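Here the structure comes first, spelled out in structure tokens, and everything after it is commentary.
The values are calculated or read from the model by the stated rules, or taken from the named source; none is laboratory data. What you are looking at is a predicted structure, and each value in this text was computed from that prediction instead of being measured. Reconstructed Cβ throughout: ideal geometry from the backbone, glycine too, with neighbour counts over all protein chains shown. Surface areas here come from the heavy atoms of the whole protein model, side chains and all, with no ligands, DNA or RNA. Shrake-Rupley method; radii C 1.70, N 1.55, O 1.52, S 1.80 Å.
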Amino acid sequence: MKSRPFKQVDVFTATAYYGNPLAVVIDGQDLDDAAMQRFAQWTNLSETTFLLPPTDPAADYRVRIFTPGGELPFAGHPTIGSCHAWLQAGGKPKVAGLVVQQCGAGLVPLRRDGERLAFAAPPLKRSAPSPALLAKVAGALGLKAQQVIAAQVLDNGPVWFGLLVNDADAVLALQPDHRALKELGVKAGVAGVPAAHDTALLIGRSNREARAFGNRPATPNEDGAKIDLEVRAFAEPIGVQEDPVTGSLNASLAEWLIADGHMPERYLAAQGQCLGRAGRVYIERDAEGKIWVGGDAVTCVDGHVTL
């Protein structure tokens, strides 16, 4: 065992302890899979990452991402948090203003906007769920059929059952049956648009035009930010009843909701309110059609770990 640089960062927040924490081992060289997994179990965070030299010449660094239960090919908040830690530890990208991360899902570019980082959403595979499965998932979440505007199975590495519901209040009021979700083997991501009083009837309509962004002003939150989409993520099948802020889910939601006209090309998502967090995810589709998922990160613990 040896002393290794280590950081614990809070992701998708500019204020410490209001986002999603991530443990980052800056030097993961010569650690085997079992040692990485054991440390991830010990931190007991949703993800722990290990930074390594890249094996692809186009990459600036390589990352391995572990949950307490196993390794992930890609995840959103570990991508932003690992890049933040790498840069803070003195990492220098090959191309100014652009960092290329190598992970199990391949190469993920990140761009910098001041202190904020944004990653390019990985390719998304999506499909319509069967009516029978949709009914079971909605029932486990406590949703009525008329509350569900649209649903898709979303796969950008992690697989999420995505549901768009008729308003943000319905999202915040959810009290899922986590045991039922586990039995279904479903990780559910639920999103809803805040409805202003003067547009409530429009938001409740089922046609796409009534749900268009121009018909609904964003809702100010306690921190002054105008929230365009409220998101919650339930992942009992991997031992996480509710995730505070989820980059992979927000990336796949953005790919789906923008493509199908439910959301504009640029919006701000909030997540974590029901857990006492205030996660903020900045979504933008660029001129080439690429989706960027952005967020702030704050270092909360900076030191060394013996591994």
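Worth pointing out:
- For peptides 83-89, 20-26, sequence by mean Cβ density within 10 Å, most packed first: 20-26, 83-89
- Surface calculation, 1.4 Å probe, protein heavy atoms: Lys136 sits at approximately 120 Å² accessible.
- Under a model in which nothing but the beta-carbon of Lys, Arg (+1) and Asp, Glu (-1) is charged, the range 72-145 shows a dipole of about 160 debye around its Cα centre.
- Accessible area per residue for the chain, computed on protein heavy atoms with a 1.4 Å probe, is 44 Å².
- The residues neighbouring Glu288, those whose beta-carbon lies less than 15 Å from its own, together hold a net charge of 0 under the Lys/Arg +1, Asp/Glu -1 convention.
- Accessible area of the range 94-174 belonging to carbon and sulfur atoms, whole % at 1.4 Å probe: 56
- The calculated FRET efficiency for Thr55 paired with Ala34, based on their beta-carbon distance and R0 = 22 Å, is about 0.60.
- Per residue of the chain, the DSSP helices (runs of n ≥ 4 H) give a summed -39500 (n - 2.57) that works out to -6000 deg cm²/dmol at 222 nm.
- Mean Cβ neighbour count within 10 Å, used as a protection proxy, ranking 288-297, 248-257 highest first: 248-257, 288-297
- Relative contact order (percent, whole number), the range 1-134, Cα cutoff 8 Å, 6+ residue spacing: 18
- For Rg and Dmax of the Cα atoms in Å, calculated from these coordinates, the label among (i) 18.9, 53; (ii) 19.0, 62; (iii) 23.7, 76: (ii)
- Calculated FRET value between Glu265 and Asn44, using beta carbons and R₀ = 35 Å, to 0.05: 0.40
- Cα centroid separation - the range 165-187 against the range 103-119, whole Å: 30
- Placing +1 on the Cβ of every Lys and Arg and -1 on the Cβ of every Asp and Glu, with nothing else charged, gives the chain a dipole about its Cα centre of roughly 240 debye.
- Charges were assigned to the Cβ only: +1 to each Lys and Arg, -1 to each Asp and Glu. The resulting dipole of the range 3-159 about its Cα centre is roughly 400 debye.
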